[in-house]
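Undergrad: First the structure, which I've put down as structure tokens, then a few questions once you've had a look.
The values are calculated or read from the model by the stated rules, or taken from the named source; none is laboratory data. This structure is a prediction, so every number in the text was calculated from the model and none was measured. Every residue, glycine as well, gets a Cβ built from its backbone with ideal geometry; the counts of neighbours run over all protein chains shown.
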Amino acid sequence: MVTTNWAEIAQESYKKVLIVAGSDPIAGAGVQADLKTVTALGGYAMTVITAVTVQDTSKVYDVKPMSGELVAQQMAACLADVGADAIKLGMLATSQIVEAVATQLAAYPDIPVIADPVLAGTGGGELLDGLGREKFIDLLLPHIDLITPNAPEAEALTRLSVKNFQEQEQAAKKLAQHGCGVLLTGGHLPGEEIVDILLDKEGNLFKFTSQRLTGATFHGTGCTLASAIAVAMARGVPVNEGVESAIAYLHRAMAGSLALGKGQRLLQA
């Protein structure tokens, strides 16, 4: 009788992604969106909660951050036991959490890290405090392989205007000075086409153009995109190829989105 060792098969086939982000009760963004994306793309997702939010498809009403110590303990438990092939950072909420995450990342320099710099909710609400933003730049960016800001986030982090392709490139180069690759997304910029630019850690510039889906706004696009890239990074896919496939996945999820609430549509791949 032939027996199948399912545990060994799973261990060989699944790439592990450690998600460090806030919780969204609507499950359209945050840890829940990350978990769904990584699972849909064949990865194994672990989740470290940085904050509990009260939000719906229209607005963020309240944020209750975890302590930096508790976030560090969650990360340490996952990394020491299961390990990770990639780490995805989302909402970090406070400067104490930023510090704690930076310390954990320093202990695992060989694990690729992607960060979606969640600074505010689309419907309002601050999701990373001012001191946290400063420490994000000074402490975290040197440990990050790829950061994925949208135009408003890039403006907040660089204090540059980001209103067109040329300004996208300038902001990406400023962020890249901290040693990270940059995917600066163009969904917040005007035009029928969306232009996302990637400046990798070697200084190579790539441009990805896609048709804008009009007539709706979407919840959790940044979380979903970064998590899809994290799966590709976990598999060792070159960053430009991973970004291209993640953008395609995001657009499928947007095309299949659901209008279940009173505000933004929820992604469904």
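Undergrad: Test Ala156 against the stated conditions and say whether it is more than 27 Å from Val38 (Cα to Cα), surrounded by fewer than 21 Cβ atoms within 10 Å (Cβ to Cβ) and small (Gly, Ala, Ser). Reasoning before the result, please.
TA: Values: more than 27 Å from Val38 (Cα to Cα): yes; surrounded by fewer than 21 Cβ atoms within 10 Å (Cβ to Cβ): yes; small (Gly, Ala, Ser): yes.
Yes.
Undergrad: Additional query: Which strands (runs of 3 or more DSSP E) does the stretch 43-93 wholly contain that include 3 or more residues that are in contact (Cβ under 8 Å) with a residue 40 or more places away in the chain, closer than 18 Å to Thr103 by Cα and not polar (S, T, N, Q)?
TA: The qualifying strands (runs of 3 or more DSSP E) are 86-89.
Undergrad: Out of curiosity, is Thr217 more than 30 Å from Tyr14 (Cβ to Cβ) and either β-branched (Val, Ile, Thr) or at pLDDT below 95 (or both)? Full working, then the answer.
TA: Working: more than 30 Å from Tyr14 (Cβ to Cβ): yes; either β-branched (Val, Ile, Thr) or at pLDDT below 95 (or both): yes.
Answer is yes for this residue.
Undergrad: Got a sec? Which helices (runs of 4 or more DSSP H) wholly within the stretch 125-214 have at least 1 residues that are modelled with pLDDT under 95 and closer than 30 Å to Tyr61 by Cα? Walk me through it before giving the result.
TA: Details: elements: 130-135, 151-158, 165-176.
In the stretch 125-214, the matching helices (runs of 4 or more DSSP H) lie at 130-135, 151-158.
Undergrad: So, of the residues in the stretch 222-268 that are of a type in the set (D, E, K, R) and assigned to a helix (DSSP H, G or I), which turns out to be surrounded by the most Cβ atoms within 10 Å (Cβ to Cβ)? Don't jump to the end; show me each part of the working.
TA: In the first step, residues of the stretch 222-268 are kept if they are of a type in the set (D, E, K, R); the result is 235, 241, 244, 252, 262, 265.
Checking which are assigned to a helix (DSSP H, G or I) leaves us with 241, 244, 252.
Details: Glu241: 11, Glu244: 18, Arg252: 13.
Here the answer is Glu244.
Undergrad: State yes or no: is Ala230 modelled with pLDDT of 90 or more, touching a Pro at 6+ places or on another chain (Cβ under 9 Å), within 20 Å of Gly30 (Cβ to Cβ) and aliphatic (A, V, I, L, M)? Spell out how you get there, then give the answer.
TA: Working: modelled with pLDDT of 90 or more: yes; touching a Pro at 6+ places or on another chain (Cβ under 9 Å): yes; within 20 Å of Gly30 (Cβ to Cβ): yes; aliphatic (A, V, I, L, M): yes.
Judged against the criteria, Ala230 is a match.
Undergrad: A further question follows. When you go through Gln11, Gln55 one by one, which is the residue that is surrounded by fewer than 19 Cβ atoms within 10 Å (Cβ to Cβ) and at pLDDT below 95? Before you say what the answer is, go through the steps one by one.
TA: Numbers: Gln55 fails: surrounded by fewer than 19 Cβ atoms within 10 Å (Cβ to Cβ).
Step by step, each of Gln11, Gln55 is checked, and only Gln11 is surrounded by fewer than 19 Cβ atoms within 10 Å (Cβ to Cβ) and at pLDDT below 95.
Undergrad: A follow-up question, please. With the requirement that a residue be of a type in the set (Lys, Arg) and within 15 Å of the chain's Cα centre (by Cα), what does the stretch 10-58 give you?
TA: Here is the first cut: in the stretch 10-58, the residues of a type in the set (Lys, Arg) are 15-16, 36.
Lys36, the sole residue that qualifies.
Undergrad: Identify the residue in the stretch 159-175 that is hydrophobic (A, V, I, L, M, F, W, C) and touching a helix residue (DSSP H, G or I) at 6+ places or on another chain (Cβ under 9 Å) and, among all such residues, is surrounded by the fewest Cβ atoms within 10 Å (Cβ to Cβ). Steps first, please.
TA: If we filter the stretch 159-175 for residues that are hydrophobic (A, V, I, L, M, F, W, C), which is where we start, we get 160, 162, 165, 171-172, 175.
Narrowing further to those that are touching a helix residue (DSSP H, G or I) at 6+ places or on another chain (Cβ under 9 Å): 160, 162, 171-172, 175.
Working: Leu160: 16, Val162: 26, Ala171: 25, Ala172: 22, Leu175: 23.
The residue in question is Leu160.
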